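**Q** The structure's right below; bear with me while I get my questions together.
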Amino acid sequence: AWGVPLVCLLATARWLPPAGPNDLLRHAPAAVGGMAALVGFALVNVEVSHAFQDRGALALTADDRLQSMVRSASWAAYGVAVLGLGLWRDQRMVRLIGFGFVLVATLKGFTLDLWDLQGFVRVGSLAALAVALILAAVVFERLVIRGARPKEGG
């Protein structure tokens, strides 16, 4: 049920006619694209909940450690997918939204998931999180920030 609105929003954002600089709808493609990003994020959450529940009403929260970690990994994967889409389409705002989803997943992992672990598993998880963040920062800086600078010379 969430996939159809996502596809419709993406198609609408893609096929909206270009607006002039003084047109009231000049920000409409970006607004519709932002709604599509949020609907996609909701779809990821619903699918994770659906994977861990057999019957009854769908709950978006759980005390299960595995479900919480899968949700964090799903958020990060979704963020990377949106970031990749922004790189492929060469759209800075989409890249920033994708990086934002990666940061939200990282914050969730650090503030909620990590502190549920014990002993050396927590230390290893913290070290892996640090390495992943350093690599993400290097990749983001090289692909997004450096790529956004205007080229000199001519």
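The values are calculated or read from the model by the stated rules, or taken from the named source; none is laboratory data. What you are looking at is a predicted structure, and each value in this text was computed from that prediction instead of being measured. Note that each Cβ is placed from the backbone with ideal geometry, even for glycine, and that neighbours are counted across all protein chains shown. The protein model used for the area step is the full one, side chains on, heavy atoms only, and it has no ligands, DNA or RNA in it. Shrake-Rupley method; radii C 1.70, N 1.55, O 1.52, S 1.80 Å.
**Q** Give me the one-decimal nm value for the distance between modelled label points at Leu103 and Val139, 7 Å along each residue's Cα-to-Cβ direction.
**A** Placing both labels 7 Å along Cα→Cβ, they lie 1.7 nm apart.
**Q** How many nm is it between the label spots at Ala130 and Arg26, if each spot is 7 Å from the Cα in line with the beta carbon?
**A** 4.7 nm
**Q** Could you give the C-alpha radius of gyration of region 1-117 expressed as a fraction of 2.2 N^0.38 Å, taking N as the number of residues it contains?
**A** 1.23
**Q** Using the alpha-carbon atoms, what tilt in degrees (0 to 90, nearest 10) does helix 3-15 show relative to the longest principal axis of the chain?
**A** Helix 3-15 and the main axis of the chain meet at about 20 degrees.
**Q** Roughly how many percent of the accessible protein surface of region 1-93 is carbon and sulfur, given a 1.4 Å probe and a whole-percent answer?
**A** It is 66 percent, rounded to a whole number.
**Q** For region 29-79, with every protein chain kept in place, what is the accessible area per residue (1.4 Å probe, Å²)?
**A** 57 Å²
**Q** For Leu43 and Leu85, compute 0.36 nm times the residue count separating them, minus their Cα-Cα distance, and round to one decimal in nm.
**A** Value of the extension gain: 13.4 nm.
**Q** Give the accessible area for Arg26 in Å² (nearest 10); use a 1.4 Å probe, count only protein heavy atoms, and leave out ligands, DNA and RNA.
**A** Using a 1.4 Å probe on the heavy atoms, I get roughly 120 Å².
**Q** Using the per-residue mean of other Cβ atoms lying within 10 Å as a proxy for protection, in what order, highest first, do the peptides 38-48, 71-81, 106-116, 125-135 fall?
**A** Per-residue mean Cβ counts within 10 Å order the peptides as 71-81, 38-48, 106-116, 125-135.
**Q** Which whole-number percent is the relative contact order of the chain (Cα, under 8 Å, 6+ apart)?
**A** This gives 15 percent for the chain.
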